Every structure is written in C-alpha cells, then in structure tokens.
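First the structure, in the form of structure tokens, and then the observations on it.
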Amino acid sequence: MTAETPVTPPVVHISPALDSKRARPDRGLVIRASGGRLTKVSAYVSGEPVPGRLDASKTIWRSDWTLKPAAEYTVAATAAGARGPATVAMGRFRTRPAGRAFGIAATAPLPGETVGTGMPIIIDFDTPVDDKAAVERALEVKAEQPVEGAWRWTSDTRVVYRTRRFWAPRQRVTVTAHLAGVRPAAGVYGATDSTFAFTVGRGQTSTIDTRTHQMVVLRDGEVAQRMAISAGMATTREYTTTSGIHLTMDKGNPVRMVSPGREKGEPGYYDLMIDHAVRISNSGEYVHAKDNVWAQGKANVSHGCINSRPDQAAWFYATTLRGDPVTITGTDRELEWDNGWGFWQLSWEEWRQGSSLLPADSAGGRVPQG
C-alpha cells in the first residue's frame, strides 16, 4: 500500500509586509498566492475598503491606487489549492508619514462650474513634479458619456487633460486625483485624495471669417446669432488676429486694454476700458463691444481683437461659458497651441506625446505593476 503524497498548502505573500511600521505608500498593496489561487481578499483603512482587483490568473491582487500616508491598514487574504486546506493570512501594517506634503493648488474648471464643450481640465500642483508618470497614473476622469482623453504636461507643476473630440453636451464629469501616497519627488508624498466635478453645458461653437468679416454662433447645431465683425488690421504681427481653434477663457465688463510695448504719447498707444469682453487667448485677443459699426462687416481695423456691435457683444458675453470653441480663419498668423487654451491646435497624436504614460494608460491608471 502506497502512502499518499502530502499536499503543500498555498502560500500568501503580502506587500507591504504585515507588521511593517513605515511602509512606502507609493508602492501600493500587492497580495500574491503561490501554489494556489486567491479566493478572497479584503483590505481596509479607517473602516473603508481599499479598492483593488485580481489579475486574470487570480494569483495577484493589487490596490487600484497608492496608499494613504501615516495610516493603518488591515488585510485578510485566502488562497486555495486544487486539493487540501486553504491558507489564510491576516494582519496589519502602517505606512510612513508624508514628510513634505504634495497636493493641488488650483483647478480649471472650478468645482461645480458649467463649461463649454471644448473645456480642458487643468490641474496645478503646489510642488514641482519629478515623477510625472506616477502622478498621471493617479488622475482619473469619469464622464457620464465616456470619452477618449489624455493628459499633457505643460510644466513641472501643470498637467492638462484634453478629450480627443469635444465633450458631448449636457453631462457631468468627475475628476479624482488619487494623490494620497503618490511620490512626485524625493521626500514628498501626496497626503490626501481630491475630487471635483463640473458640468458640460449646451453645445455652443462660433466661427469667425476675417475675410468676410462675419461671425456665426451655433447653439446645439442651430444658428443662434450672426454678427458682423472687424478683426485685426494686420499692419504688424501683434495687430494680426490669430487663426485657429480658440477657447473662451474668461470675461469682464469692462476690461482695461493697454497697448503692449508702447509708452503714453508714442504712436499707437492706447489705454481703454472695453465693454463686454470675452478673452480667447493670452496674446490679448478678445471678442468685445466696439462702436466702430462702420467697419464691422466691411474692414479689419482692430488691434487684433474681434470687434462687434455693442448689443451683439453684450449677447455673446451673456451667453458664453468658459471652454466654448471659437474658430477663426483668414489670417496668416496661426494660434500657437500654448497661447492661452489653444490646445485644440494640436492633432490628437501630437497631444498624446505630452503624456508621461504609454498611450493605453493616457487617461489614468493604477499603481505600477512589478
């Protein structure tokens, strides 16, 4: 009679190790099973479950995001083999404090804001980011109508999200920065997560032809307003209106406009208060009211702005949301992609090149696998 071969129970490995007192939060929580499959995993911090998922083989479970600094985690994992008893591992560990904290300094849109269909998501951080990929993985965008989008770094403290195509109108978008435990630079950790939401409003787009001196505003595909305009006189580069896809950025009534690079008394100097001004770039371009009705629809005589009849400028001012697209054609000066919110000047392929992640992960992701 042959004795049965003893069955070796599965082994469960938990990282960070149980009973750790200063675990690195940026590495997340990883649970592995050898000699079997994970059948149950539970992890909690401050009474809240830690989101995570099993891989296809059901041998590795990973937390979706990094871990909170200076926090105690409880973990329980069960692994079962083909035969024999299951293995249960459970215990606690603590993560190290944040040291220097890292977080969000400002966002656009503002929480609760209603915006136009071209609106980017702009996040400014309070600390320069060295590990841009780690921070970008922690950023999550959820729209009621799913859309393809990608982040692009424009500086060490700013990252911008642009969709491949304009947002679908009338939907809510939620942005979550899972920064708790993210390590953007040596000795720096994100202390907390941050979430804000905004609403995409009606679909409004404007087209301006500087050759015919006409502006047409469409709302949800229907003509809402036709406006005779006067664009830049184009005697110099600064007086040439830029062609391309602009976005409305902010507005003021009135806005003080001063000639750039000129002193009082010099030719071309001006210092004016302009009514119902909607900004569309960082190079001084606005759609605004002007009483030069004689030129509107006939000639380009402005210093680079789009002049329109006072009553129509007031209408445009009142109906504009930040992020409404304004497309201008007919001049030999192209809008630079980094002039204001000229982000739509880049093709989708060009835009994605500014991401620190592979294209498949460009809209956010989980903690690095390894």
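Hey, can you grab everything whose amide H is under 5 Å from the amide H of Asp64? Only 5+ residues off in sequence or another chain; H modelled, so Pro and N-termini drop out.
Answer set, sorted by chain and number: Gly52, Arg53.
Take every Cα-Cα pair in the stretch 194-300 and report what % of them are more than 22 Å apart.
Everything past 22 Å amounts to 39 percent.
With a 1.4 Å probe and all protein chains left in place, how much of the accessible area of the chain comes from carbon and sulfur atoms, in whole percent? Present the calculation step by step, with values, prior to reporting the outcome.
Numbers: 8970 of 17710 Å².
That fraction is 51 percent.
Name all residues of the stretch 134-171 having a backbone nitrogen under 11 Å from the label point set 7 Å from the Cα of Thr114 along its Cα→Cβ direction, giving them as ranges.
170-171
For the stretch 244-249, take each phi angle, set θ = phi - 60°, evaluate the Karplus expression 6.51 cos²θ - 1.76 cosθ + 1.60, and give the result in whole Hz per residue in order, putting x for glycine and proline.
x, 8, 9, 10, 5, 10
Compute the distance in nm between two label points, each set 7 Å from the Cα along the Cα-to-Cβ direction, one at Glu349 and one at Thr212.
3.2 nm
Using the Karplus equation 6.51 cos²θ - 1.76 cosθ + 1.60 (θ = phi - 60°), what ³J(HN,Hα) coupling, rounded to whole Hz, does each residue of the stretch 227-236 give in order, writing x for Gly and Pro?
My calculation for the stretch 227-236 gives 10, 6, 9, 10, 9, x, 6, 6, 6, 9 Hz in order.
Per residue, how much accessible area does the chain have with a 1.4 Å probe, in Å²? Intermediate values should be presented prior to the final figure.
Numbers: 17710 Å² over 370 residues.
Spelled out: the 1.4 Å probe surface of the chain, per residue, equals 48 Å².
Search the structure for amide H atoms under 5 Å from the amide H of Gly232, placed 1.01 Å from N in the peptide plane, and list their residues when 5 or more places away or on another chain.
Thr241, Ser302, Gly304
Can you pull the one-decimal nm distance between simple spin-label points at Ala143 and Val88, each 7 Å off the Cα toward Cβ?
4.7 nm
Restricting things to alpha carbons, find the Rg to Rh ratio for the stretch 125-187 using the Kirkwood radius for Rh. Each step should come with its number before you reach the end.
Numbers: Rg = 13.1 Å, Rh = 12.9 Å.
Checking Rg against Rh, the ratio lands at 1.02.
Under 19 Å between alpha carbons, and skipping anything fewer than 8 positions from Lys290 in its own chain: which lysines qualify?
Lys251, Lys298
Percentage of Cα-Cα pair distances in the stretch 1-83 greater than 21 Å, rounded to whole percent? If you can, show how the numbers build up before the last one.
Values: 1141 of 3403 pairs.
Here the tail beyond 21 Å accounts for 34 percent of pairs.
For Gln225 paired with Thr154, estimate the spin-label separation in nm (one decimal), with each label point 7 Å from Cα along the Cα-to-Cβ line.
Those two pseudo-labels are separated by 2.5 nm.
State the three equivalent ellipsoid semi-axes of the chain, derived from the C-alpha gyration tensor as the square roots of 5 times its eigenvalues, in descending order and whole Å. Intermediate values should be presented prior to the final figure.
Details: eigenvalues 628, 82, 50 Å².
Whole-Å semi-axes of the equivalent ellipsoid: 56, 20, 16.
Starting from the exponent 0.38 and prefactor 2.2 Å, build the expected Rg for the stretch 1-149 from its residue count and divide its actual Cα Rg by it. Each step should come with its number before you reach the end.
Working: Rg = 20.6 Å, N = 149, 2.2 N^0.38 = 14.7 Å.
Compared with the compact-globule rule of thumb, the stretch 1-149 sits at 1.40.
Residue separation times 0.36 nm, minus the C-alpha to C-alpha distance between Ile104 and Thr327: what's the value? Let's see the in-between values first.
On the way: separation 223, 0.36 × 223 = 80.28 nm, distance 3.15 nm.
77.1 nm is the gain from fully extending Ile104 to Thr327.
Roughly what angle does helix 310-319 make with the longest principal axis of the chain, taking Cα atoms, 0 to 90 degrees, to the nearest 10?
Here the helix axis deviates by roughly 10 degrees.
Apply the Karplus curve 6.51 cos²θ - 1.76 cosθ + 1.60, θ = phi - 60°, to the phi angles in the stretch 73-89 and return the couplings in whole Hz, x for Gly and Pro.
Calculated HN-Hα couplings, in order: 10, 10, 9, 9, 9, 10, 10, 10, x, 5, 9, x, x, 7, 10, 10, 10 Hz.
Full-extension gain between Ala318 and Glu266, please, as 0.36 nm times their residue separation minus the C-alpha to C-alpha distance.
Working: separation 52, 0.36 × 52 = 18.72 nm, distance 3.53 nm.
Taking 0.36 nm per residue and subtracting the Cα distance, the gain is 15.2 nm.
The values are calculated or read from the model by the stated rules, or taken from the named source; none is laboratory data. Because the structure is predicted, anything quoted here is derived from the model rather than measured. Every residue, glycine among them, receives a Cβ derived from its backbone with ideal geometry; neighbour counts consider all protein chains shown. What goes into the accessible areas is simple: the full protein's heavy atoms, side chains included, and nothing from ligands, DNA or RNA. Shrake-Rupley method; radii C 1.70, N 1.55, O 1.52, S 1.80 Å.
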